[in-house]
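Note sheet for the following structure.
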Amino acid sequence: MKLRAIAMFVLAIGISSAAQAAGEIIIKFSHVVAPDTPKGQAAERFKQVAEKLTKGKVKVEVYPNSQLYKDREEIEALQSGAVQMLAPSLSKFGPMGAPEFQLFDLPYLFPNQETLHRVMDGDVGKKLFAKLDTKGVTGLTFWDNGFKQMSSNKPMHAAADLKGLKMRIQSSKVLNAQMKALGANPQVMAFSEVYTALQQGVVDGTENPVSNFYTQKMHEVQKHMTISNHGYLGYAVIVNKNFWDGLPADVRTSLTQAMKEATAFERDVAQKDNDDALAQVIAAKSTTVYTLTAAERADWQKVLLPIQKDFESVIGADLILSANATAAQVAKEQADAASKPAASKPAASKTAAPAKK
Ligand code: LMR
């Protein structure tokens, strides 16, 4: 594994030096997940569109699966300029000195993707990206993965079923509090180490959207998965600030456009990737998949919702309030739309349109 990483690194330097000699701008985009995940596919889409729109002035090199760096190192590599672009999960910004990003880790705060997108694309997202400015990092956009599910080697129906389990988490204080509230023993670990840790029993279980679970083959080493949708995992696409600010304006405009297209693509495929991955896990039969009943979900919520209050001072009460208000607004709009008579629903707009002439 180490040798492969060194070989990749040497190869990366070799490719980059050749391209640099040809006068190209190189963007090394490092990430930790498989190429066939929402993030992996979107990184490739960004590469294609960016290289096309900049007419070959920019070359994007995508390094998936922690080939270049693991979780913590990749952020250091971005800040030092060893790589130019990353898309770490929002749970990994705390150690960088931006604990407000842990908003997205709060259990059961976001009921649906519509709420998430409004929060990310609105004032809250802007506020969060402003926090990165002083850290030598520029935030470009937010990408989805999806809602997280719990896995371990024992069935997890009641919240109390997690008592005593060693659970791998990302480096987030909110996730630490979440596992502790469930009575589990949280262990921070880099994503690239999770499969082996599960296999060897260093940890008993973990949480992730199913696309990550399946593409890392965790179904081979976890007997049970509970569809709990207890929290969300998404990404911020970030660049080295000096690199970004130093780009010729026309190149930056093209890259911004490429990122817009990659983001639309990413948000489009994320849910489908997770649905497909769940079907594959079920088909593989090595993991029993259980969905919480409404009563069990209420039990988990009772245990986990108080974390929102506990983290007000760390994340900012205003950000939590804003996310809750957005969720309520989306719920109201959805209820209004559902209660409208069929004739005024969008599907009926074909009949309504001629009247406008
Ligand atoms: C994890 O570490 O579990 C995830 O953040 C991996 C990822 O980037 O989706």
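The values are calculated or read from the model by the stated rules, or taken from the named source; none is laboratory data. Fair warning: this is a prediction, and the values are worked out from it, not measured in the lab. Note: ideal-geometry Cβ built from the backbone for every residue, glycine included; neighbour counts use all protein chains shown.
Consider Ala295 carefully, then state whether it is within 30 Å of Val58 (Cα to Cα) and modelled with pLDDT of 95 or more. Judged against the criteria, Ala295 is not a match. When the test is whether a residue is more than 13 Å from the ligand (Cβ to nearest atom), farther than 30 Å from Val303 by Cα and modelled with pLDDT of 95 or more, Ile25 passes it. The strands (runs of 3 or more DSSP E) found wholly in region 134-253 and carrying at least 1 residues that are farther than 21 Å from Thr37 by Cβ and basic (Lys, Arg) occupy 166-169.
Taking region 141-160 as the range and being over 14 Å from the mean Cα position of the chain (by Cα) and either surrounded by fewer than 21 Cβ atoms within 10 Å (Cβ to Cβ) or among the small types (Gly, Ala, Ser) (or both) as the test, the residues that pass are Ser151, Ser152, Asn153, Lys154, Pro155, His157, Ala158, Ala159, Ala160. One residue stands out among those in region 45-74 that are more than 20 Å from the chain's Cα centre (by Cα) and of a type in the set (A, V, I, L, M, F, W, C): the one that is farthest from Met96 (Cα to Cα), which is Leu53.
What number of residues within region 292-304 are within 17 Å of Asn112 (Cβ to Cβ) and not small (Gly, Ala, Ser)?
The qualifying residues number 3.
Of the residues making up region 58-91, those that are part of a helix (DSSP H, G or I), of a type outside the set (A, V, I, L, M, F, W, C) and within 14 Å of the ligand (Cβ to nearest atom) are Asp71, Arg72, Glu73, Glu74, Ser91.
Screening Thr253 with (1) of a type in the set (Ser, Thr, Tyr); (2) exposed (fewer than 15 other Cβ atoms within 10 Å of the Cβ); (3) touching a strand residue (DSSP E or B) at 6+ places or on another chain (Cβ under 7 Å) gives one miss only, at (3). Of all residues in region 61-78, none satisfies being without any contact (Cβ under 8 Å) to a residue 24 or more places away in the chain, more than 30 Å from Asp299 (Cβ to Cβ), crowded, with 17+ Cβ neighbours inside 10 Å and of a type outside the set (A, V, I, L, M, F, W, C). The set of residues from region 92-102 being more than 16 Å from the ligand (Cβ to nearest atom) and touching a residue at least 60 places away in the same chain (Cβ under 8 Å) comprises Pro99, Glu100. In region 174-218, the qualifying residues are those that are hydroxyl-bearing (Ser, Thr, Tyr), more than 15 Å from the chain's Cα centre (by Cα) and under 24 Å from Gln102 (Cα atoms), and the one that is surrounded by the most Cβ atoms within 10 Å (Cβ to Cβ) is Thr206.
Leu198: within 16 Å of the ligand (Cβ to nearest atom), closer than 20 Å to Thr226 by Cα and not aromatic (Phe, Trp, Tyr), yes or no? It is true that Leu198 is within 16 Å of the ligand (Cβ to nearest atom), closer than 20 Å to Thr226 by Cα and not aromatic (Phe, Trp, Tyr).
Do the conditions hold for Val137, that is, is it in contact with a strand residue (DSSP E or B) (Cβ under 7 Å, 6 or more places away or on another chain), closer than 20 Å to Glu61 by Cα, more than 16 Å from the ligand (Cβ to nearest atom) and modelled with pLDDT of 95 or more? For Val137, the condition - in contact with a strand residue (DSSP E or B) (Cβ under 7 Å, 6 or more places away or on another chain), closer than 20 Å to Glu61 by Cα, more than 16 Å from the ligand (Cβ to nearest atom) and modelled with pLDDT of 95 or more - is met.
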